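First the structure, in the form of structure tokens, and then the observations on it.
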Amino acid sequence: MSCLFCKIISREIPSSIVYEDEHVLAFNDINGQAPTHVLVIPKRHIETLNDLEPGDDQIVGELARRAAAIAKDKGIAASGFRTVFNTNRDAGQTVFHIHLHLLGGRKMAWPPG
Ligand code: AMP
Ligand code: ZN
């Protein structure tokens, strides 16, 4: 398995872990784009949102709830934050193991670039 994020889960590659449980890992993005930039990922390898199946509803819900909980811990829940799943080329997906970006701590622009 050559997946970068699977290697982060197995500790073959180090990361700055923010949260971990049986199903979910969250770690700081190595190239943060905001004062808070955390990636929330399932421990099970799923390449893109296009590959989700009905049985994945629980884990996707866990990712969203965990992102909100981390935002609360970081003190940015009330001020606001952005959560993003990039999918495939046009969205700029570079790592093909789904990850929910949690960005906050500064004012975000809309529409995104
Ligand atoms: P995406 O472009 O949506 O696929 O996002 C991939 C993200 O992974 C980017 O924001 C990268 O900065 C981040 N990233 C790549 N390698 C690492 C790493 N070793 N540790 C933490 N984040 C990483
Ligand atoms: Zn993976």
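For the stretch 1-72 versus the stretch 73-113, the inter-centroid distance based on Cα atoms is 13 Å.
Compared with the dominant principal axis of the Cα atoms in the chain, helix 57-73 is inclined by about 40°.
For the stretch 27-113, the solvent-accessible area with a 1.4 angstrom probe is 61 square angstrom per residue. Structural size metrics of the chain, computed from C-alpha coordinates, are Rg and Dmax of 13.6, 39 Å. For Asp51, tell me the accessible area in Å² from a 1.4 Å probe, rounded to the nearest 10. Asp51 exposes around 80 Å² with every protein chain in place.
Across the stretch 38-45, coupling constants 3J(HN,Hα) worked out from phi with the 6.51/-1.76/1.60 Karplus curve, θ = phi - 60°, read 10, 9, 10, 10, x, 6, 7, 6 Hz, and Gly and Pro carry x.
Ignoring ligands, DNA and RNA, what percent of the accessible area of the chain is carbon or sulfur (1.4 Å)?
Details: 3520 of 6930 Å².
Heavy-atom surface of the chain belonging to carbon and sulfur, 1.4 Å probe: 51 percent.
Considering only Gln33, Gln93, Gln58, the Gaussian network model of the chain with Cα springs below 10 Å gives its largest mean-square fluctuation to Gln58.
The values are calculated or read from the model by the stated rules, or taken from the named source; none is laboratory data. What you are looking at is a predicted structure, and each value in this text was computed from that prediction instead of being measured. Protein only, heavy atoms only, side chains kept; ligands, DNA and RNA dropped before computing areas. Shrake-Rupley method; radii C 1.70, N 1.55, O 1.52, S 1.80 Å.
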